[in-house]
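Inspection log for the structure reproduced underneath, given as structure tokens.
The values are calculated or read from the model by the stated rules, or taken from the named source; none is laboratory data. Quick caveat: nothing in here was measured; it's all calculated off a predicted structure. Cβ placement follows ideal geometry from the backbone for every residue including glycine, while neighbour counts extend to all protein chains displayed.
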């Protein structure tokens, strides 16, 4: 084998030289080439790798084992991390389940505690319905008479006053009859033949016919009365004073109802 010209190689000059290839990767019999730098020249050295091929194979196997071990370690770390996360989630779920179970037990205890509440509400609702049925037709006569006294004109004095109203629990027919003058069975009617809650009948005295007219006007202004009219009227004297004796009728409207027992509601 011949070497390039340029001087004899100096073994001392090979320190610091860089190999071009890794000896472990060179098969036996391959040519190794090194460059050796001297002061002014570069010497190329050639050598033959005399190591058996098993050394290179062992090195490759060693590297593969290292890579495999590293992959196993990484996989184990990832598995451990996943197990830790799953454990934390399971612990949180178990804690939430325990809290929910405790709340359910407490709520069930409350349900048992208040199991009679719906029955009480039903009893109150039934009582309220009975109260509305019994007192739905209530008329507060003190208010009615006070309004009548405040609107009655001067010069009118009442001899008698009679008022009829439906009995407690009786139904009130709100619809008008089919013909004027007709009425539902057992129900009062107004002077125009319209259904009414009740009637008011009075016998009274006045100083003049104009005073009687003022009386009718005062009754028409009351929302609790409707269709006031004079049934009979006659002129005369009493103790030397001219007077007019008359009878008057009016219908009692539903505005006279107190409704104080119908506005209350019981909601379970």
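Do we find that residue 166 is surrounded by 15 or more Cβ atoms within 10 Å (Cβ to Cβ), at pLDDT 85 or above and over 14 Å from residue 225 (Cβ atoms) in this structure? Against the criterion (surrounded by 15 or more Cβ atoms within 10 Å (Cβ to Cβ), at pLDDT 85 or above and over 14 Å from residue 225 (Cβ atoms)), residue 166 does not qualify. A single entry from 190, 171 fulfils the requirement of being buried (at least 18 other Cβ atoms within 10 Å of the Cβ), under 30 Å from residue 131 (Cβ atoms) and at pLDDT below 75: 190. Taken over the stretch 193-250, the criterion of being touching a helix residue (DSSP H, G or I) at 6+ places or on another chain (Cβ under 8 Å), crowded, with 18+ Cβ neighbours inside 10 Å and not in a strand (DSSP E or B) is satisfied by 197, 219, 222, 224.
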